[in-house]
Structure formats: C-alpha cells, structure tokens
Amino acid sequence: MGRTSTRNAYVGQLCLSQPMVKWVAGDNQDDGAMMKIVHEEILISAGEFEATEEWLDIRTEIREAVSSVVWPEGSDKFIINPVRKGNGVKPIKNGCMIVLRDKFGWEAEKSIFIRDVKRPGNVDAIRLTSTKPFVFEWETGNISSSHRALNKIALGLLRETISGGVLVLPTRNIYPYLTDRIGNYEELQPYFQTWKSMPIKQGIMIIIAVEHDDIDTSVPLIQKGTDGRALV
C-alpha cells in the first residue's frame with residue numbers, strides 16, 4: 001500500500017503529566033480536527049522499523065482513523081454528553097475501525113500468530129507489511145483488558161512475530177462519561193516502565209490517549225453496543 005497523504009490529525013494542547021516524545025505532530029496542526037489525540041507514549045522503539053516508509057504509512061493511517069470519529073452525527077467535532085457513565089464505548093471504536101478497514105485496507109478482528117502461545121485471541125485490526133503484521137487495539141474493556149492488549153503486543157514483539165502495535169484508550173478527562181471502569185491512560189501509566197524495560201530487538205509499541213473536543217448536555221448519548229458507522 002502506498003503512502004497516503006492526509007491532514008495532520010492533531011489538535012489541542014498536551015494535558016497529561018508525561019512529555020510527548022518522538023511521535024510529534026509538527027507545526028501544521030488542523031484546528032478542525034475531530035476526536036483529539038492528546039498524547040502518544042512510546043513504550044518500545046527498537047531496531048530500524050521506525051525509519052521505514054511502511055511505519056510512516058501506518059502512523060498516518062492510524063492518526064486519520066482515530067481523528068475521524070465525530071459525535072453527534074453530522075458534527076465536525078467529538079462532543080460528548082457529560083452524563084456520568086452514560087455513553088457507550090464500542091461505537092466509538094467502530095467508527096475508527098470503519099476508516100481503517102474501508103479506506104486503508106486493514107483487516108478487522110483477526111487472530112495473530114505468536115510463537116509458543118496457543119490461541120492468543122483476536123486483535124481489533126492488523127495491517128499487513130512486507131515482513132510481519134502490525135496490530136491495532138482500541139480499549140473497550142476495563143484496565144485488565146488494557147494490560148492484556150499491551151502484553152499481547154509485547155509478547156508478539158518478543159517472539160518476533162509482529163512488527164509493532166498501538167493501543168488507543170481514553171484519558172481521565174473523558175473517563176467519567178463512558179461505560180463504568182473503562183481502561184484509561186492514567187490508570188495504566190504507573191506500569192509503563194515494565195514494558196519500556198523489555199528486551200525487544202525490533203519493533204514499536206505505542207499508547208495513544210484520546211478525549212473529546214467539548215461537552216454539551218443537549219447532544220444525544222452514545223449508544224451502548226450499537227453500530228459505529230454514524231460516528232464517522
């Protein structure tokens with residue numbers, strides 16, 4: 001797949017305590033972006049994959065897919081109704097998955113092979129590269145699910161069966177308005193050093209933290225467990 005030219009998907013200022021590193025937006029920010037990517041944390045970056053054209057394509061595709069999610073339907077932003085625990089999370093992920101699948105050709109709900117591991121389970125999407133698949137996960141479960149997702153990616157890197165992986169999850173700013181106990185960036189943050197210290201020879205593992213553009217009590221709640229096509 002050739003490199004895709006898209007707008008830069010960054011908006012807003014960094015709102016978390018950790019400094020943004022490496023995967024930085026640049027100066028051409030788009031003030032009309034939708035769902036906000038507020039932080040990207042590189043847990044693993046080893047070997048030469050980060051310097052390849054394939055990684056640049058993957059990075060661009062993920063940024064566009066994440067930032068393409070809007071709410072309510074017809075909006076050019078992601079605005080959430082601030083009802084405590086009132087909004088679903090799977091439709092938000094599904095909106096992103098539609099862009100990855102239909103626009104960029106990612107394969108959704110695919111199992112990955114990890115040497116010496118039986119049935120590691122499906123991941124949300126994979127992107128085939130010239131060597132090994134790249135994994136994409138969007139958190140819709142609790143913090144234990146977040147740990148499992150990152151451990152699966154890390155193990156795939158240790159076994160040298162994937163080229164890398166990204167986990168997208170909300171910040172604490174949007175957390176109160178989503179399904180109860182959804183995994184979130186700040187709750188995972190104390191464990192970052194565990195993954196950063198792993199002896200990976202080749203590959204990338206990154207966390208993307210996302211949140212809303214605004215709150216508005218007049219917008220409809222995001223449905224729980226329904227199709228996400230209207231979120232694109």
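The values are calculated or read from the model by the stated rules, or taken from the named source; none is laboratory data. Everything numeric here is computed off the predicted structure, so don't read it as measured data. Methodologically, a virtual Cβ is constructed for each residue, glycine included, from the backbone with ideal geometry; neighbour enumeration extends over all protein chains shown. These accessible areas exclude ligands, DNA and RNA; they are computed on the full protein's heavy atoms, side chains included. Shrake-Rupley method; radii C 1.70, N 1.55, O 1.52, S 1.80 Å.
A few notes on this one:
One line per residue, one yes/no per condition, for (1) of a type in the set (A, V, I, L, M); (2) surrounded by 15 or more Cβ atoms within 10 Å (Cβ to Cβ); (3) at pLDDT 95 or above; (4) under 17 Å from MET205 (Cβ atoms):
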site	(1), (2), (3), (4)
LYS103	no, yes, yes, no
TRP106	no, yes, yes, no
ASP116	no, no, no, no
ASN122	no, no, no, no
ALA125	yes, yes, yes, yes
LEU128	yes, yes, no, no
THR131	no, no, no, yes
PHE136	no, yes, yes, yes
LEU150	yes, yes, yes, yes
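- The one condition in (1) under 30 Å from ARG84 (Cβ atoms); (2) without any contact (Cβ under 8 Å) to a residue 24 or more places away in the chain that THR194 fails to fulfil: (1)
- Residue list for the stretch 174-196, restricted to those being farther than 22 Å from ILE215 by Cα, in contact with a helix residue (DSSP H, G or I) (Cβ under 8 Å, 6 or more places away or on another chain) and open to solvent by 40 Å² or more (accessible area, probe 1.4 Å): GLU187, TYR191
- Residue check for GLU64: open to solvent by 40 Å² or more (accessible area, probe 1.4 Å) and either assigned to a helix (DSSP H, G or I) or in contact with a strand residue (DSSP E or B) (Cβ under 9 Å, 6 or more places away or on another chain) (or both): no
- ASN87 falls short on exactly one of the conditions (1) of a type in the set (S, T, N, Q); (2) closer than 18 Å to ASP216 by Cα; (3) buried (at least 23 other Cβ atoms within 10 Å of the Cβ); (4) at pLDDT below 95, and that condition is (4).
- Residue match in the stretch 93-104 (condition: out of contact with any Cys (no Cβ under 9 Å at 6 or more places or on another chain), within 15 Å of TYR175 (Cα to Cα) and touching a residue at least 12 places away in the same chain (Cβ under 8 Å)): yes
- Hey, VAL99 buried (at least 21 other Cβ atoms within 10 Å of the Cβ) and either of a type in the set (A, V, I, L, M, F, W, C) or under 20 Å from ALA209 (Cα atoms) (or both) or not: no
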